[in-house]
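The structure appears right after this line, and notes come after that.
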Amino acid sequence: MVGSARRSRYDRFGQRVDLNRAIEVFRTATALQGQGCDEMAQHFGNLGNALRARYQRWGDPNDIDQAASAYEQAVSLVRSASHLSNFGTVLMNRYDANADPDDFAKVLETFEEALDKASAQERPMCLNNLGNALLNRFRRLGELHDLTRAVDAFREAVDQTPPTSSLGQFVWPA
């Protein structure tokens with residue numbers, strides 16, 4: 001809880017010391033023994049989220065690599081759509097930074113697995129992630145089939161987002 005509180009305080013005030021402290025607490029939590037897989041996966045996910053936030057703010061490539069490792073640990077414990085989506089997103093961030101084609105191949109694989117594991121409620125988010133990844137690759141490589149698949153994923157995400165969803169405000173006209 002201390003890590004989450006520090007992370008929340010960072011989100012509110014933007015003080016690096018709060019984010020650094022949250023990362024320390026989340027690292028400590030991942031080292032504790034005797035926890036169940038779900039709880040450990042959550043700790044690794046929290047660590048990955050904090051490291052990715054620090055990377056996005058200050059740009060240290062070590063943070064994005066450590067975030068990817070943390071998410072990979074979470075996925076190794078619990079292969080949920082949520083953990084897979086986070087892992088795919090951080091791999092996409094890393095790909096944007098260094099254009100490693102191996103990262104991108106893993107991005108698509110991870111987002112597709114997240115989509116396979118997604119509940120009906122999670123499917124629009126997973127389709128959106130997949131669409132963004134395909135659009136990113138289209139912009140880099142110019143392959144028309146990536147653009148076609150991205151548009152299809154975005155359309156399906158919109159079709160599967162109910163108007164009553166908190167996301168409905170973004171896809172359904174008022």
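Every number in this text was worked out from the coordinates using simple rules, so none of it is lab data. Please read all numbers here as calculations on a predicted model, not as lab measurements. Using ideal geometry, Cβ is built from the backbone for each residue, glycine included, and neighbour counts are taken over all protein chains shown.
What the table shows:
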{"read-out": "Contact order relative to length of segment 1-102, as percent, for alpha carbon pairs under 8 angstrom and 6 or more apart", "value": "21"}
{"read-out": "Under 11 Å, Cβ to Cβ, from Phe138 - net charge with Lys/Arg +1 and Asp/Glu -1", "value": "+2"}
{"read-out": "Span-like helix ranges in the chain, DSSP H, alpha carbon extent 20 angstrom or more, Kyte mean at least 0.0", "value": "none"}
{"read-out": "Average silhouette area of the chain, convex hull of alpha-carbon atoms, in square nanometres", "value": "11.2"}
{"read-out": "From the C-alpha gyration tensor of segment 49-114, square roots of 5λ in Å", "value": "18, 14, 8"}
{"read-out": "Charge tally in the Cβ shell below 11 Å around Ser82, where Lys, Arg are +1 and Asp, Glu are -1, Ser82 excluded", "value": "+1"}
{"read-out": "Counted charge near Asp60, where neighbours are those whose Cβ lies closer than 13 Å (Asp, Glu -1; Lys, Arg +1)", "value": "+3"}
{"read-out": "In nm, spacing of pseudo-spin labels at Thr28 and Val151 (7 Å Cα→C-beta vector)", "value": "5.3"}
{"read-out": "Fraction of alpha-carbon pairs over 16 Å apart in segment 72-174 - percent", "value": "57"}
{"read-out": "Highest-first arrangement of 82-89, 30-37, 62-69, where packing means the average Cβ count within 10 Å", "value": "82-89, 62-69, 30-37"}
{"read-out": "Projected label distance in nm at Gln15 and Glu143, using a 7 Å step from Cα toward the beta-carbon", "value": "4.8"}
{"read-out": "Estimated distance in nm for a label pair at Ser69 and Ser4, the labels positioned 7 Å out from Cα along Cα-to-Cβ", "value": "2.6"}
{"read-out": "Helix-only [θ]222 nm of the chain, DSSP H runs n ≥ 4, -39500 (n - 2.57) each, per residue, nearest 500", "value": "-27000 deg cm²/dmol"}
{"read-out": "Values of log10 I(q)/I(0), in the order q = 0.15, 0.18, 0.25 Å⁻¹, for segment 1-102 under a Debye, Cα-only, solvent-free model", "value": "-0.57, -0.81, -1.32"}
{"read-out": "Relative contact order, percent, the chain [alpha-carbon distance under 8 Å, six or more residues apart]", "value": "12"}
